[in-house]
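Inspection log for the structure reproduced underneath, given as structure tokens.
The values are calculated or read from the model by the stated rules, or taken from the named source; none is laboratory data. Here the structure is a predicted model, which is why all the values come from computation and not from measurement. Heads up, the Cβs are rebuilt from the backbone with ideal geometry, glycines too, and the neighbour counts pull from every protein chain shown. These accessible areas exclude ligands, DNA and RNA; they are computed on the full protein's heavy atoms, side chains included. Shrake-Rupley method; radii C 1.70, N 1.55, O 1.52, S 1.80 Å.
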Amino acid sequence: MGKKPVSAAYVLGVGLTKFIKPRGKVDYTELGFEAGIKALLDAQINYDDVEQGIACYCYGDSTCGQRVFYQFGMTQIPIYNVNNNCSTGSTGLHIARNMVRHGMADCVMVVGFEKMFPGSLQSFYKDREDPCRTTGEMMRVTRGRTDAPGAAQMFGNAGREYMEKYGANASDFAEIARINHLHSAKNPYSQFRDVYTLDQILSSPTIHSPLTKLQCCPTSDGGASALVVSEDFLAARPHLRSQAIQIAGQHLATDRPDLFDHSAINLMGFGMTQHAARTALAEAEVDPKDVRVCELHDCFSANEMITLDALGLCDPGKAHEMVRAGDITYGGRCVVNPSGGLISKGHPLGASGIAQCAELVWQLRGWANNRLVENTKVALQHNLGLGGAAVVTVYKRADGKTNEVVQDRDVKSKTWVGYNPAVEAKGFTKAQVDKVRSKKSRSEWALQDTEKKVEARF
């Protein structure tokens, strides 16, 4: 079990870039810089306060993290580069929390970024074993293989099995996508903000039945950042307690043997998601039926369906009934993906888990006033990476209160950001950058022209 923790861990600041189509127009250095500066402004601290750094990305050379972090300062802190497939961002948060809880640091900065290629995910190393080859081979043996993108086939097959076992139909999966697209219209960071009817989603091109194009997440460029701090760090800044969000429970799980039991659902990490959820919820002393807002890994609508089940948000085999009852959106039992989820918000792999965190932080603070899930005390996050790793996190307010709507003017008056970042995707001034970059150890050469490039996009 390891040693007992010595401190609670809190998310004190978060920052996001807009998620955009991968067209090579914005480099990872800009994405990481923008997200990190925003998180430092949100936390109202200087980079000199940061004791450890964690960079999260899947596509990039070694030490891309140092290249990003050196723009904030060159303070000689440890910087770790993390890659854990699509769960990379949450893996970084998990490491940061463990550092803080066990006394390794009082303030850890996590920055996730991804500069991707258009089209479906691909492997770059053709001269060595693909870590998901055994998963792909199990899919071929049990369900066959088509010309569709591999991930769409695997998750689509899980959807087919859910239909066969429990009675879901194609409209149930399309309804999940319809709701996520609807939610994204109110998220200024979303890659796509268009709203679609159920018929439009069903009639979009079929990728791998039951999945149509509008039920599949896009590849994206984007960045996200979070500051994770200790109780001592927060106690020294009591004026920030109302915005601090406690990571009350969290678990990173890997696969169990039933990954290869010929079930298309289990092949998509159902077991590790279920174990991570039960462990994190138990640590936080939360019943899943009491969760009213959740950000989960909807890379495809089929994965949202099976994940509702794995997280315990519904009775076993009843996820489609939860969807039909309207219980995954506003007015229902639990609002799932108020951000729009991966399907509509986008999926820059290294940033996705941290972006989920940011949305839930804004929900619990009450800052997401245009899409707030009111009267909420707890929030649930799920981030999945095949290969595999599943991270489930439970958040609560540090002050123990229930969230309430906070108006934009009130947010503006209490933050260094200068506006409400939950409802506006804006930039920052040179003075703001200067305020949070290291005072004792900075290099303009490391910054190069990144600051000017970011300013030019706003």
- Message: Placing unit charges on C-beta atoms (Lys and Arg positive, Asp and Glu negative, everything else neutral), compute the dipole magnitude of segment 1-111 about its Cα centre in debye, rounded to 20.
- Response: 420
- How high is the relative contact order of segment 53-128, in percent, with contacts defined as C-alpha pairs under 8 Å that are six or more residues apart? 40
- Can you work out the FRET efficiency for the pair GLN122 and VAL6, with r the C-beta to C-beta distance and R0 = 41 Å, to the nearest 0.05? 0.45
- Query: Quick one: if the Förster radius is 25 Å, what FRET efficiency do GLN448 and ASN46 give, using the C-beta to C-beta distance and rounding to 0.05?
  - Reply: 0.75
- Message: Taking the solvent-accessible surface of protein heavy atoms with a 1.4 Å probe, what is the per residue accessible area of the chain in Å²?
- Response: 38
- Message: What is the percent carbon and sulfur in the accessible area of the chain, measuring with a 1.4 Å probe over the protein chains and ignoring ligands?
- Response: 50
- Item | In sequence order, calculated HN-Hα J values of segment 64-75 (Karplus, 6.51, -1.76, 1.60; Hz; x Gly/Pro) | 4, x, 4, 4, 6, 5, 4, 5, 7, x, 10, 9
- Let a ≥ b ≥ c be the square roots of the eigenvalues of the Cα gyration tensor of segment 129-222; is it rounded (a/c under 1.5), or, if not, prolate (a/b larger than b/c) or oblate? oblate
- Message: Net charge within 12 Å of LEU31 by Cβ-Cβ distance, Lys/Arg positive one each and Asp/Glu negative one each, not counting LEU31 itself?
- Response: +2
- Alpha carbon centre of segment 60-89 versus segment 376-404: separation in Å? 24
- Take the alpha carbon gyration tensor of segment 312-408, find the square roots of its eigenvalues, order them as a ≥ b ≥ c, and report rounded if a/c is under 1.5; if not, report prolate when a/b exceeds b/c, else oblate. oblate
- Message: Please compute the alpha carbon radius of gyration of segment 163-216, then divide it by the globular-protein estimate 2.2 N^0.38 Å. Two decimals is fine.
- Response: 1.18
- Positive end of the charge dipole of segment 194-272 (Lys, Arg +1 and Asp, Glu -1 on Cβ, about the Cα centre): tell me which of GLN243, SER263, SER203 has its Cα farthest that way. GLN243
- In Å³ and rounded to a whole number, note down the convex hull volume per residue for the Cα atoms of segment 1-137. 139
- Fraction of beta bridges assigned by DSSP in the chain that are antiparallel (%, nearest 5): 70
- Take the alpha carbon gyration tensor of segment 259-350, find the square roots of its eigenvalues, order them as a ≥ b ≥ c, and report rounded if a/c is under 1.5; if not, report prolate when a/b exceeds b/c, else oblate. rounded
- Task: Just round it to a whole percent: the fraction of Cα-Cα distances in segment 16-87 exceeding 19 Å.
- Result: 36
- Task: Using a 1.4 Å probe and counting only protein heavy atoms, arrange HIS347, HIS239, HIS251 so the residue with the most accessible area comes first.
- Result: HIS239, HIS251, HIS347
- Using a Cα distance threshold of under 18 Å, what count of lysine pairs results for segment 289-422 when pairs must be 8 or more residues apart or interchain? 5
- Could you please report the charge total around GLY150, scoring K, R as +1 and D, E as -1 over all other residues with beta-carbon less than 14 angstrom from its beta-carbon? +1
- Query: Which Rg and Dmax, in Å, describe the Cα atoms of the chain?
  - Reply: 20.6, 62
